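Read the structure below first, then the notes.
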């Protein structure tokens, strides 16, 4: 659950959301805070937080919180731990 | 995986089928477009070159879209030199496709890893995030392909030499990406790098935005490449040609330089500006661009106001047509051709 909290926190910080804001159902550009500029901050925050380097295709495909979880799984982040 | 794979014959067979279907799709879903085609007497096209084109200017005059209002996800605008604005309507699917195909095109030369990146622009262009300029949107779109971004210009638009130096100290020994508009690269990167002895030899430069300002300074595309190579060490350079009216489709300069190439989902036709006949290799004319990406608006076959010339077919770095952009058609002539359509519509 720790990893999940870290991802939620990365989302809240880069999208400038309140500390308790629900983020698990967020979709790119459905939330007005998650625009293309914020997307770049989000990717950078996730890379820093999990010490990974995300490929271009994955940056393009990271269109929701759940998609971010799935993609990070490919990079070895285990959300069930 | 490359998107520069199809030889001309195979490409035309594929595009003819897909573009003819798109033509029917847009006729059925965009009343204005259907009216224009009916007025022009179009029935069917035996080849890609027979498909009816719209003058790109029409997107400044008419609201052309093939999706209902409630499915509009994004409206892209571009201001031309005269201040008229094109409006391009995307639904979710079209927006996702254009991003993906732009990605696939650039990954042909960049690889799939995001490289450390220099943006030859100023952070200030992204200040008002509710309304980016076309330049801001372009820079942001490209930023996706990089990481650890450094801005080559400070808030006042002056070269930020310390920022460039610290970027190169950290990343200069491995491949890195440089993006900027061609004249900014020349004025604010080339000249600065030369003056300060910056080594850009591991850089891959992606640039666009027209040569007019450079031609005014007597810098040709060949001169641009030669001087960057000699004075900064930069050897990997890819110019590209594209427009908001066919968002996601870019025509990319090949590794050996000099010609632009069409991705597999697009093509160009060069037309005689007086007879509209298709020009052979070596004969300049107006550039028509075709692409299968515009599904939410009838922009799949567009006549631009740019002059270009075919440099060859199936004889370059990548298969298909290769061409060069020569500049703009003088305005008076361009206006003539869209008036025809305005009357028809």
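The values are calculated or read from the model by the stated rules, or taken from the named source; none is laboratory data. Note that the coordinates shown come from a computational prediction; the quantities given were computed from them, not determined experimentally. Here the Cβ positions follow ideal geometry from the backbone for every residue, glycine too, while neighbour counts run over all protein chains shown.
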Checklist outcome for this item: Scanning the stretch B:82-101 residue by residue, the ones that are more than 12 Å from every other protein chain (Cβ to nearest Cβ), out of contact with any helix residue (DSSP H, G or I) (no Cβ under 8 Å at 6 or more places or on another chain) and under 28 Å from residue B:183 (Cβ atoms) total 2
Next on the checklist: For the list (1) more than 24 Å from residue B:68 (Cβ to Cβ); (2) over 23 Å from the mean Cα position of the chain (by Cα), I need the number of the one condition that residue B:4 fails.
Outcome noted: (2)
Checklist entry - Which ones in the stretch B:245-259 are within 10 Å of the chain's Cα centre (by Cα) and in a strand (DSSP E or B)? => result B:251, B:252
Checklist entry - Of (1) surrounded by 18 or more Cβ atoms within 10 Å (Cβ to Cβ); (2) touching a strand residue (DSSP E or B) at 6+ places or on another chain (Cβ under 9 Å); (3) at pLDDT 90 or above, residue B:138 satisfies all except one. Which? => result (3)
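Go through the stretch B:306-329 and give me each residue that's assigned to a strand (DSSP E or B) and within 25 Å of residue B:44 (Cα to Cα).
B:321, the sole residue that qualifies.
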Item to check | Yes/no for residue B:241 being surrounded by fewer than 24 Cβ atoms within 10 Å (Cβ to Cβ), in contact (Cβ under 8 Å) with a residue 40 or more places away in the chain and under 19 Å from the mean Cα position of the chain (by Cα) | outcome: yes
Checklist outcome for this item: The number of residues in the stretch A:1-46 that are surrounded by fewer than 14 Cβ atoms within 10 Å (Cβ to Cβ) and either in a helix (DSSP H, G or I) or in contact with a strand residue (DSSP E or B) (Cβ under 7 Å, 6 or more places away or on another chain) (or both) is 3
Item to check | Selection count where residues are touching a helix residue (DSSP H, G or I) at 6+ places or on another chain (Cβ under 7 Å), part of a strand (DSSP E or B) and either within 14 Å of chain A (Cβ to nearest Cβ) or farther than 21 Å from residue B:269 by Cα (or both), scope the stretch B:24-81 | outcome: 4
Checklist entry - Within the stretch A:61-69, is even one residue farther than 29 Å from residue B:138 by Cβ and either surrounded by 12 or more Cβ atoms within 10 Å (Cβ to Cβ) or more than 14 Å from chain B (Cβ to nearest Cβ) (or both)? => result yes
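Residue-wise test of (1) modelled with pLDDT of 95 or more; (2) within 19 Å of residue B:242 (Cα to Cα); (3) surrounded by fewer than 17 Cβ atoms within 10 Å (Cβ to Cβ); (4) over 18 Å from the mean Cα position of the chain (by Cα).
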| position | (1), (2), (3), (4) |
| --- | --- |
| B:280 | yes, no, yes, yes |
| B:290 | yes, yes, no, no |
| B:293 | yes, yes, no, no |
| B:302 | yes, yes, no, no |
| B:305 | no, yes, no, no |
| B:317 | yes, no, yes, yes |
Checklist entry - Name the helices (runs of 4 or more DSSP H) wholly within the stretch B:102-202 that hold at least 2 residues that are within 14 Å of chain A (Cβ to nearest Cβ) and on the phi < 0 side of the Ramachandran plot? => result B:134-143
Next on the checklist: Any residue at all in the stretch B:57-68 that's out of contact with any strand residue (DSSP E or B) (no Cβ under 9 Å at 6 or more places or on another chain) and at pLDDT 95 or above?
Outcome noted: yes
Next on the checklist: Can you confirm whether residue A:49 is within 14 Å of chain B (Cβ to nearest Cβ), in a helix (DSSP H, G or I), surrounded by 12 or more Cβ atoms within 10 Å (Cβ to Cβ) and within 13 Å of the chain's Cα centre (by Cα)?
Outcome noted: no
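Given the options B:58, B:54, name the one that is touching a residue at least 40 places away in the same chain (Cβ under 8 Å), buried (at least 19 other Cβ atoms within 10 Å of the Cβ) and closer than 30 Å to residue B:254 by Cα.
Within the list B:58, B:54, the selection yields B:54.
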Checklist entry - All but one of (1) modelled with pLDDT under 95; (2) loosely packed, with under 15 Cβ neighbours inside 10 Å hold for residue B:77; which doesn't? => result (2)
